[in-house]
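Following: one structure in structure tokens, then a few remarks.
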Amino acid sequence: MCPVVDLRSDTVTKPTDEMREFMENAEVGDDVFGEDPTINELQSYCAELFGKEQALYVPSGTMANQASLFAHTNPGDEIICEYSSHIFNNECGGPAVLSGVQLHPIRGEHGLFSADQISEAIRSPPNVHHPKSKVVALENTHNAGGGVIYPTETIQEISDVVHGKNLILHLDGARLMNAVVETGISAREYAGYFDSLTLCFSKGLGAPVGSIVAGSAEFIEQAHRARKIFGGGMRQAGIVAAGALFAIQNNVERLQDDHARAKRLALALDTFPAVSIEPDWVHTNIVIFDVVAEQMNATDLCNVLQNDEVLMLPLSENRVRAATNLMVSDTDIDYAIEKMENVLT
Ligand SMILES: *Cc1c(COP(=O)(O)O)cnc(C)c1O
């Protein structure tokens with residue numbers, strides 16, 4: 001058996017035997033004709049889950065966000081997003097390339113905005129010289145913020161500000177189900193604050209491919225068009241969508257185990273003098289910490305750990321990310337902690 005403990009990301013999971021079997025037996029059809037029964041089932045399941053009129057299966061989380069922005073905007077519009085958000089940093093400038101819009105990033109605390117920040121950032125009243133503020137995008141849980149969860153009171157306040165100014169509120173909910181499981185607040189309640197949202201099946205949920213976009217029928221019609229423009233119309237894709245359907249129906253509750261393991265890792269790291277970490281900000285499955293040793297930076301640590309078959313992701317000079325996932329067990333976490341203790345104390 002392969003002993004590697006891969007904590008670089010929650011995207012490194014491989015489909016389990018059960019998931020593969022479900023995928024193998026999936027009914028398929030031409031989804032560009034709307035005739036793939038598995039995709040149709042996944043889309044209705046997610047629309048229902050989020051309490052939205054419709055949902056659309058797309059190949060990636062990036063396409064889910066980009067198709068949403070395309071659907072919501074006209075060239076020259078402005079999107080308010082967070083400085084360390086995925087939309088701003090990890091989608092290759094897609095909003096400029098694909099939708100001709102500009103991003104207006106502002107920095108939140110651990111990736112989280114306050115309603116006042118949003119209120120200040122919205123350009124109002126409209127001015128002929130200014131880009132038009134059109135969409136506000138939140139991320140929940142916030143990846144670069146360390147998997148942190150947005151308090152619903154804050155989302156409510158932001159939603160009031162955004163909708164009060166007739167703007168659109170979009171959620172990059174790549175890891176929304178992590179927030180759902182951790183807080184007990186339903187996906188439907190979270191989704192209710194937003195005009196559109198996305199969710200990734202290929203993160204902690206453990207499916208090999210795909211994301212969902214959800215919103216009103218009118219919005220989904222535009223997002224569907226965007227998916228086609230971006231080259232994301234797929235044919236007998238039910239075979240991969242089955243992995244997503246399996247994931248959303250079977251792998252949600254178990255995210256709790258990932259969270260418990262992340263917390264345990266964070267608390268152990270907090271005892272090492274060479275590590276700086278805020279365990280209270282470890283809400284879900286992502287652990288972000290700084291290496292504060294003189295002789296070692298983030299890359300050095302990750303290289304040394306790699307020799308012990310523990311993989312983590314250096315994010316910057318001193319910052320490291322570890323994400324628990326479907327392939328990492330309690331014993332794996334014990335092993336990772338032991339190896340890190342050897343290196344860091
Ligand atoms: C992973 C991720 C995405 C989408 O990524 P893809 O790799 O394109 O599927 C979007 N937003 C966040 C916050 C993510 O972590």
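The values are calculated or read from the model by the stated rules, or taken from the named source; none is laboratory data. Every value quoted in this text rests on a predicted model; they were computed, and no experiment measured them. No Cβ is skipped: glycine too gets one built from the backbone with ideal geometry, and neighbour counts run over all protein chains shown. Surface accessibility is based on the protein's heavy atoms, side chains included, excluding ligands, DNA and RNA. Shrake-Rupley method; radii C 1.70, N 1.55, O 1.52, S 1.80 Å.
Overview of values
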| quantity | calculated |
| --- | --- |
| Test: residue in region 51-60 that is surrounded by fewer than 16 Cβ atoms within 10 Å (Cβ to Cβ), at positive phi and touching a residue at least 24 places away in the same chain (Cβ under 8 Å) | yes |
| Qualifying residue in region 13-25 (condition: β-branched (Val, Ile, Thr) and within 16 Å of the ligand (Cβ to nearest atom)) | yes |
| Residue under evaluation Phe22, criteria (1) open to solvent by 30 Å² or more (accessible area, probe 1.4 Å); (2) over 18 Å from Gln236 (Cβ atoms); (3) of a type outside the set (Lys, Arg); (4) assigned to a helix (DSSP H, G or I), criterion not met | (2) |
| Some residue of region 82-100 being in contact with a Phe, Trp or Tyr (Cβ under 6 Å, 6 or more places away or on another chain), among the hydrophobic types (A, V, I, L, M, F, W, C), modelled with pLDDT of 95 or more and open to solvent by less than 60 Å² (accessible area, probe 1.4 Å) | no |
| Pairs, first without any contact (Cβ under 8 Å) to a residue 40 or more places away in the chain in region 79-92, second outside any loop (DSSP other than H, G, I, E, B) and within 10 Å of the ligand (Cβ to nearest atom), C-beta under 6 Å, six or more apart | Glu91/Thr62 |
| Number of positions in region 146-171 that are within 16 Å of the ligand (Cβ to nearest atom) and open to solvent by 10 Å² or more (accessible area, probe 1.4 Å) | 1 |
| Residue that is buried (at least 21 other Cβ atoms within 10 Å of the Cβ) and either at pLDDT below 95 or closer than 26 Å to Ala144 by Cα (or both), where the choices are Leu311, Leu245, Leu267, Leu305 | Leu305 |
| Counted residues, region 210-238 - those being among the aliphatic types (A, V, I, L, M) and surrounded by fewer than 18 Cβ atoms within 10 Å (Cβ to Cβ) | 2 |
| Among residues of region 1-53, those that are modelled with pLDDT of 95 or more, touching a strand residue (DSSP E or B) at 6+ places or on another chain (Cβ under 7 Å) and hydrophobic (A, V, I, L, M, F, W, C), counted | 8 |
| Only listed residue being closer than 16 Å to Ile79 by Cα, within 14 Å of the chain's Cα centre (by Cα) and within 16 Å of the ligand (Cβ to nearest atom), chosen from Ala137, Ala174 | Ala137 |
| Counted residues, region 270-297 - those being without any contact (Cβ under 8 Å) to a residue 60 or more places away in the chain, in contact with a Ser or Thr (Cβ under 7 Å, 6 or more places away or on another chain) and surrounded by 16 or more Cβ atoms within 10 Å (Cβ to Cβ) | 2 |
| Selection count, region 61-76, where residues are open to solvent by 10 Å² or more (accessible area, probe 1.4 Å) and not hydroxyl-bearing (Ser, Thr, Tyr) | 8 |
| Of all residues making up region 68-112, the number that are part of a helix (DSSP H, G or I) and either within 20 Å of Thr141 (Cα to Cα) or among the charged types (D, E, K, R) (or both) | 6 |
| Flag for Thr345 being modelled with pLDDT under 95 and farther than 21 Å from Ser84 by Cβ | yes |
| Boolean, Gly100 is away from the ligand (no atom under 16 Å from the Cβ), over 18 Å from Tyr150 (Cβ atoms), without any contact (Cβ under 8 Å) to a residue 40 or more places away in the chain and out of contact with any Asp or Glu (no Cβ under 8 Å at 6 or more places or on another chain) | yes |
| Qualifying residue in region 178-185 (condition: among the polar types (S, T, N, Q), on the phi < 0 side of the Ramachandran plot, open to solvent by 10 Å² or more (accessible area, probe 1.4 Å) and not in a loop (DSSP other than H, G, I, E, B)) | yes |
